[in-house]
1. Show the residue pairs that are 6+ apart or on different chains and have beta-carbon atoms under 6 Å apart, the first residue being within region 56-75 and over 14 Å from Arg28 (Cα atoms) and without any contact (Cβ under 8 Å) to a residue 24 or more places away in the chain, the second being among the hydrophobic types (A, V, I, L, M, F, W, C) and surrounded by 11 or more Cβ atoms within 10 Å (Cβ to Cβ).
2. What number of residues within region 22-40 are among the basic types (Lys, Arg) and over 18 Å from Ile11 (Cβ atoms)?
Amino acid sequence: MAKKKDPSEKITTIKLLEETKLRIEKLREHKRESYDDILRKILYILNTARESPEKAKRILEKIGEIRNRMLEEERQQKEDLEKENQLE
């Protein structure tokens, strides 16, 4: 899905409202996924939706599942760290 980045490609800065940033982050599948990767994913899903709305829906559902798993793992790690700190 994501194109490999060429180091010679130019990089730019864009301004986003905080709300927009938070909405974009809801499509993040892992902590290190860049905004460029997420925006490319959004564009891929939009293009897919034109040809196959059901496929686009499945992609979004899969992203939701992966994201929920990531958030659950983060929550569990936080709980484990708090338990360790209480034992010290």
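The numbers here are math on the coordinates, done by the rules we state, and not lab data. Since the model is a prediction, treat every value here as computed from it, not as a measurement. Note that each Cβ is placed from the backbone with ideal geometry, even for glycine, and that neighbours are counted across all protein chains shown.
1. Ala56/Ile45; Ala56/Ala49
2. Keep residues of region 22-40 that are among the basic types (Lys, Arg), which gives 23, 26, 28, 31-32, 40.
Checking which are over 18 Å from Ile11 (Cβ atoms) leaves us with 23, 26, 28, 31.
Residues meeting the conditions: 4.
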